[in-house]
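Below: one structure, written as structure tokens.
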Amino acid sequence: MIQNSVPCQVSKDAIRFNRALSIAPMLDWTDRHYRYFMRKITRHTLLYTEMVTTGAILFGKGDYLGFNQEEHPVALQLGGSDPADMAECARRAEQRGYDEVNINVGCPSDRVQNGRFGACLMAEPDTVAACVTAMQKAIDIPVTVKCRIGIDDMDEYTHLDDFIRRVADAGCDTFIIHARKAWLQGLSPKENREIPPLMYDRVHLLKQHFPHLHLSINGGIKTLLDAQLHLQYLDGVMIGREAYANPYMFAESDRLLFADQHDILSREDIVRAMVPYVNEQVSKGARVWHIARHMLGLFQGQPGGRIWRRFLSENGSQAVDGQLLLQALACRQESLEKSRHTEVG
């Protein structure tokens, strides 16, 4: 890590809520049910939607902008490259109550590239800048950008510096940077999350060169301690896969990073608190499993965690209401009591 980082100098407009910690947008994972669940664990961590394309919002038949009011602060991640379409979708997002609209300049999948958005736009900073300008004219909430440190052979620091500078000149003052480059050909999205090496120092250096920008780092960060270390040099930390696999790691985040000393719910209390939500959503047509699947990792690393996951997985698709969660909790408790009885005997 760089030891002589310049102190953060962030404009007031860059932060309307605390961005110290956020959970990454993850396709098929960070839907509205997951986000509601996470709000039972952390009040302040900024939550992001899955990436939603402009085409889906403008021409799709479903409601791609729906969310629960309990999710605030919540940001929409938007995929697209046409400034007019991006502006219109941003306007609709603001009308629906989102706190931020984020432009996806980091996803490397073939489908995203074919739609001319995601990481391939790192080669088109003027396009991203035009989108920022159009969106900021249309809305008053923040417009932010999530990108990589580079793509393909455009992976020198100078390329990243140029991209950030040109997009910032258009008015964007908040960036979330995945500290890996992306190979647009030859690697799958999963491989692009694992094979290109993490280069945290490059993001730290970027903060030295752009102290007036709000910069968050993403990639390979798995603990709140890791987050605290990065926050010595940067303005924010975004956690991805670990936030899904081990959601309860965020239980201490409000105290450690947001100075909020509210009582922390136990894992068991969180399960009970989710039951009314499950029942409400089922009454609106949702399936129990679509909610319960996001809770599989709640007891990660805890005794009985495997029992909890197995019960939900084996019974979730047939469940009709929130009793599934209470039954899984009881099954786990019964297993723990049997284990204690065996140990005593």
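Placing unit charges on the Cβ atoms only, positive for Lys and Arg and negative for Asp and Glu, gives the stretch 207-328 a dipole magnitude near 460 debye about its Cα centre. Surface calculation, 1.4 Å probe, protein heavy atoms: E280 sits at approximately 90 Å² accessible.
When only alpha carbons are used to place a centre, the stretch 302-330 and the stretch 71-147 end up 38 Å from one another. Counting Lys and Arg as +1 and Asp and Glu as -1 over every other residue whose Cβ lies under 13 Å from the Cβ of V203, the net charge comes to +3. Summing Lys and Arg as +1 and Asp and Glu as -1 over all other residues whose Cβ lies under 11 Å from the Cβ of S313 gives a net charge of +3. Between helix 323-344 and the chain there is an angle of about 60 degrees, using the helix long axis and the longest principal axis of the Cα atoms.
Computed over protein heavy atoms with a 1.4 Å probe, the carbon and sulfur contribution to the accessible area of the chain reaches 49%. Less than 5 angstrom separates the built amide H of L21 from those of L46, V237, all sequence-distant by 5 or more or on a different chain. The residues of the chain expose on average 44 square angstrom of accessible surface per residue, using a 1.4 Å probe on protein heavy atoms. Based on alpha carbons, the Rg and Dmax found for the stretch 24-84 are 12.2, 38 Å. Dipole check for the chain: with +1 at the C-beta of Lys and Arg, -1 at the C-beta of Asp and Glu, and the Cα centre as origin, the magnitude is about 740 Debye. Once the dipole of the stretch 292-345 is set up with Lys and Arg at +1 and Asp and Glu at -1 on Cβ about the Cα centre, which of L298, A319, L336 lies farthest towards its positive end? Final value for the positive-end residue is L298.
Here the Karplus curve 6.51 cos²θ - 1.76 cosθ + 1.60, taken at θ = phi - 60°, turns the phi angles of the stretch 239-253 into couplings of 10, x, 4, 5, 5, 8, 6, 9, x, 6, 4, 7, 4, 8, 5 Hz, with x standing for Gly and Pro.
Extents of the chain, largest first, come to 67, 49, 42 Å (Cα atoms, principal axes, whole angstrom).
Hey, how many Å between the Cα centroid of the stretch 264-286 and the Cα centroid of the stretch 155-171? Computed from Cα coordinates, the inter-centre distance equals 44 Å.
Highest mean packing first, where packing is the average number of other Cβ atoms within 10 Å per residue, the peptides 61-68, 138-145 line up as 138-145, 61-68. Hey, got a sec? Which trypsin sites (Lys or Arg not before Pro) in the stretch 273-334 land in a DSSP loop and have at most 13 other Cβ atoms within 10 Å? Those satisfying the criteria are K284. Principal semi-axes of the equivalent ellipsoid, √(5λ) from the alpha carbon gyration tensor of the stretch 12-171, are 24, 17, 16 Å from largest down. At what distance in nm do the modelled label points of D260 and E337 sit from each other, each positioned 7 Å from its Cα along Cα→Cβ? Reported label-point gap for D260 and E337 is 3.5 nm. Taking a sphere under 11 Å around the Cβ of V52 and counting the other residues whose Cβ falls inside, with K and R at +1 and D and E at -1, yields a net charge of -2. Every helix of 4 or more DSSP H residues in the chain counts as -39500 (n - 2.57), and over all residues that averages to -12500 deg cm²/dmol at 222 nm. Toward the positive end of the charge dipole of the chain, with +1 on the Cβ of Lys and Arg and -1 on the Cβ of Asp and Glu, the farthest Cα among V143, P73, L265 is that of L265. Per-residue packing, averaged as other Cβ atoms within 10 Å, sorts the ranges 270-276, 159-165 into the order 159-165, 270-276, beginning with the highest.
The values are calculated or read from the model by the stated rules, or taken from the named source; none is laboratory data. For clarity, every value in this text was computed on a predicted model and none was experimentally measured. Every residue, glycine among them, receives a Cβ derived from its backbone with ideal geometry; neighbour counts consider all protein chains shown. Keep in mind that these areas ignore ligands, DNA and RNA; they rest on the heavy atoms of the full protein, side chains included. Shrake-Rupley method; radii C 1.70, N 1.55, O 1.52, S 1.80 Å.
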